[in-house]
Amino acid sequence: MFLPEPKISSGLPRIKIVGIGGAGVHIVSEISKRELPVSLIVMDSSSATLDEAGQLQSVRLGPKTSRGLGCGASIEAGAQAAHASRSEIAAVVEGAELLLLVAGLGGGVGSGGISVVAEVAMQMNIPTICFVTKPFRFEGLKRTTIANAVLADLERETQGVLCIEHDKLQANFPKNISLVDAMRVGSQHLQQVIEQLLHVVQVNSLINIDFADILSLFRTHGKFAMGVVDSAGSTDIKALVRQAIHHPLTTLATHYSATGILVFAEAGEDFDLDNLSLATEFIDEISSEDTQVILGVHSIAGSHPLRITVLATGIKPVASSPATHSLPTLRR
Ligand SMILES: Nc1nc2c(ncn2[C@@H]2O[C@H](COP(=O)(O)OP(=O)(O)OP(=O)(O)O)[C@@H](O)[C@H]2O)c(=O)[nH]1
Ligand SMILES: [Mg+2]
């Protein structure tokens, strides 16, 4: 399914980020400390959770049915609360050219609410992408089952979903890491990815890549992955690109294809940005002839270490590496 062309204004795109449920509200509250040029909104049925978000614009979901409490890990109650507040949800997301939804899946409000917010946005023709977490296995099968069902819905109904699995935190970090610390690592990772996406969109909108180009990477549905890496002296572009996208918290099949790829490099004037075309080898590995490829470069005055951001959308596992046909264009 393709969305009709969204209306795009000139200047910085109007992006709104909505945190839904405890984890979503927490992550958006952290992002608010950075004073980025985006609108931040938090939604929960729990007054206590919304109070923690301080002055941020908020929607209290289902005030009559939930009476200011959480939804006790009931996805049905979460969805009911969000449905009851559809008009308030529509009012706060109105005017967005891109909507980012953030939630921890497996509980009540975030899991039940995120699909409702996505549906409202879809009806308003607002491109919507999601940043979510999947619960730890030890949180119980019920939470994992809820998360998988919501994930499948979001991958079908929105323009893209980036999901990190809490279990990967356990596999990749010290054995004795506490639950709170592990979740913090997960939240921080999502926060960084969201901030980097905003940065890439905004820098590109100001210099070279049209916001419409970036939006068109999200014209298809399904999983997307994103990462950023600082070169620390290395100029092996292919290795850096691979390292950026294969973050330990990102689950990617051994072989996969993407419908859209953005490789964006920022470096000082002394770096030969034509080196970026070396990324083509990696791009070819995950491309087909239909893959949209954007190579973007941003030359920063003076000396600046090389930083590479990679975004791959419409990710699907494939039996082996697909054929190579992509013809990326270098944008400056
Ligand atoms: N990374 C991270 N994950 C969290 C955090 N809090 C909760 N989670 C995860 O998100 C899932 C849902 O938790 P919450 O967001 O608190 O739940 P909710 O959506 O508010 O739903 P209810 O409170 O049950 O109505 C949990 O099962 C955890 O896996 C957090 O601060 N950081
Ligand atoms: Mg809650």
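Only the coordinates and a few stated rules stand behind these numbers; no lab work does. All figures in this text were calculated on a predicted structure; none of them were measured in a lab. Heads up, the Cβs are rebuilt from the backbone with ideal geometry, glycines too, and the neighbour counts pull from every protein chain shown.
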Could you tell me which residue out of Leu36, Ile89, Pro63 lies farthest along the dipole of the chain toward its positive end? Charges go on the beta carbon: Lys and Arg +1, Asp and Glu -1, centred on the Cα centre. Pro63
If you place +1 on the Cβ of every Lys and Arg, -1 on the Cβ of every Asp and Glu, and leave all else neutral, what size is the dipole of the chain about its Cα centre, to the nearest 20 Debye? 940 debye
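Of the beta bridges DSSP finds with both residues in the chain, what % are antiparallel, to the nearest 5? Can you show the working numbers first?
Values: 17 of 56 bridges.
Expressed as a percentage, antiparallel bridges in the chain total about 30.
Taking square-rooted eigenvalues a ≥ b ≥ c of the alpha carbon gyration tensor, is the range 133-266 rounded, prolate or oblate, where a/c under 1.5 means rounded and, failing that, a/b exceeding b/c means prolate? All intermediate terms of the calculation are to be shown ahead of the outcome.
Numbers: a/c = 2.01, a/b = 1.34, b/c = 1.49.
In terms of gyration-tensor shape, oblate.
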So, in Å, what gap is there between the alpha-carbon centers of the range 44-70 and the range 117-154? 20 Å
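Going down the list Lys33/Lys316; Lys64/Lys223; Lys16/Lys134, which pairs span over 31 Å between their C-alpha atoms? Please list the in-between numbers first.
Numbers: Lys33/Lys316 35 Å; Lys64/Lys223 35 Å; Lys16/Lys134 23 Å.
As for pairs spanning more than 31 Å Cα to Cα, those are Lys33/Lys316; Lys64/Lys223.
With a ≥ b ≥ c taken as the square roots of the eigenvalues of the C-alpha gyration tensor of the range 15-206, please select rounded if a/c is under 1.5 and otherwise prolate if a/b is larger than b/c or oblate if it is not? Write down the numbers at each step before the final one.
Numbers: a/c = 1.44, a/b = 1.09, b/c = 1.32.
Verdict is rounded for the range 15-206.
Rounded, prolate or oblate: which fits the range 177-247 when a ≥ b ≥ c are the square roots of the eigenvalues of the alpha-carbon gyration tensor, with rounded for a/c under 1.5 and prolate only if a/b beats b/c? The partial results should precede the final answer.
Values: a/c = 1.92, a/b = 1.33, b/c = 1.44.
Since a/c reaches 1.5 but b/c is at least a/b, the shape of the range 177-247 is classed as oblate.
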